[in-house]
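Here the structure comes first, spelled out in structure tokens, and everything after it is commentary.
Read-outs throughout are calculated quantities, based only on the coordinates presented, and are distinct from any laboratory measurement. All values reported here derive from a predicted model rather than from experimental measurement. FYI the Cβ positions are ideal-geometry reconstructions off the backbone, even for glycines, and counts take in every protein chain you see.
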Amino acid sequence: MTEFSKALDVSTSGLQAQAARLRHLSENISNADTPGYRRKTVPFRTEFDAGNGVAKVEVGRVSLDDRELERIFDPSHPMADTTGHFDGSNVNLLIELADAREAQRSYEANLKMFEQARQMSSGLMQLLRR
Amino acid sequence: MDSAALSAVQSYSASRAATQPGNTSGDSMFGRIAMDFAQTLAQGEQIAQQSMTGDADPHALVQALAQTELAVETAVTVRNKVVEAYQEILRMPV
């Protein structure tokens, strides 16, 4: 495996990780109004590929955010307790949107690196052509 | 058959061994590179087929195709160089 194909490999792992992150973020956003929903957080970790000697990124175990659930006052709600409150989700849309934007930027950075490795390898081969 | 023709035939059959193919088992360096190339191509095709049936990740498809592109480009460039060198030898005045 050449250095260029290793670079392509690592960039692809970054793309996959960011795509997985975006998926969990959209789960959080679409469940923002689900009662009792806890937002998911996506940890990244390094996966060392000893065969090729490259450090890829991979998504670890998804964990749930254990912050307090939002207490919503609505006595007419079927899940309301004696005080008229029920548990909403602990999703903060502002945080999710900022996180999604960060995932997008990171994805773009990985795409650029992919493109860069491709251009460099074809530039090298261009040298042999006349 | 006169002796000149006979000796020409003898020297031809003596030097004919040089035209036999050498090590063809694929253990040579060039054989290994060719096997590697074929493997990259086969992997690209397999992932392309999987993505048609919806089994493969689009990232894996793009990566495999870029990898294949890189391999084909390298192989074509090397082949062009080899053919060029061969033609250079053919043009040599004997």
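Some points to look at:
- Since only B:Val76, B:Gln10, B:Ala66 are under comparison, the one whose Cα sits farthest along the positive direction of the charge dipole of chain B, derived from C-beta charges on Lys, Arg, Asp and Glu, is B:Gln10.
- Angle in degrees between helix B:3-15 and the longest Cα principal axis of chain B, rounded to the nearest 10: 30 degrees
- Cα centre as origin, Lys/Arg/Asp/Glu Cβ charges: chain B dipole, Debye: 440 debye
- Looking at the stretch A:64-130, the GluC sites (Glu not before Pro) that sit in a DSSP loop and have at most 12 other Cβ atoms within 10 Å of their own Cβ are A:Glu68.
- In this Cβ point-charge picture (+1 for Lys and Arg, -1 for Asp and Glu), the protein assembly as shown has a dipole of about 900 debye about its Cα centre.
- Overall Cα dimensions of the stretch B:22-90 - principal axes, largest extent first, Å: 51, 25, 14
- Over the protein assembly as shown: helical MRE at 222 nm, DSSP H runs n ≥ 4 each giving -39500 (n - 2.57), nearest 500: -21000 deg cm²/dmol
- 5 angstrom amide H check on A:Val57, placed H, neighbours 5+ away: A:Gly14, A:Glu47
- Ordering A:Ser30, A:Val42, A:Gln126 by the projection of their Cα atoms onto the charge dipole of chain A, which places +1 on the Cβ of Lys and Arg and -1 on the Cβ of Asp and Glu, puts A:Gln126 at the extreme positive end.
- Note on B:57-70: average number of Cβ atoms from other chains within 10 Å of each residue's Cβ is 5.
- The alpha carbon gyration tensor of the protein assembly as shown gives principal lengths a ≥ b ≥ c with a/c of 1.5 or higher and a/b greater than b/c, which makes the shape prolate.
- Rounded if a/c under 1.5, otherwise prolate or oblate - chain A, Cα gyration tensor axes: prolate
- Neighbourhood net charge (13 Å Cβ-Cβ; Lys/Arg +1, Asp/Glu -1) for A:Asp9: -1
- Summary of the geometry: the stretch A:44-90 and the stretch A:91-130, compared by the centres of their Cα atoms, lie 28 Å apart.
- For chain B, the relative contact order is 19 percent, taking Cα pairs closer than 8 Å that sit 6 or more residues apart in sequence and dividing their mean separation by the residue count.
- Summing Cβ point charges (Lys, Arg +1; Asp, Glu -1) relative to the Cα centre of the stretch A:3-126 gives a dipole of roughly 440 debye.
- Contact order, relative form, for chain A: 32 percent (alpha carbon pairs under 8 Å, 6 or more residues apart, mean separation divided by residue count).
- Mean partner shielding of peptide A:13-20, defined as the number of other chain Cβ atoms within 10 Å of each residue Cβ, is 2.
- Cβ-Cβ FRET estimate between A:Lys112 and B:Thr53, R0 fixed at 25 Å, reported to 0.05: 0.25
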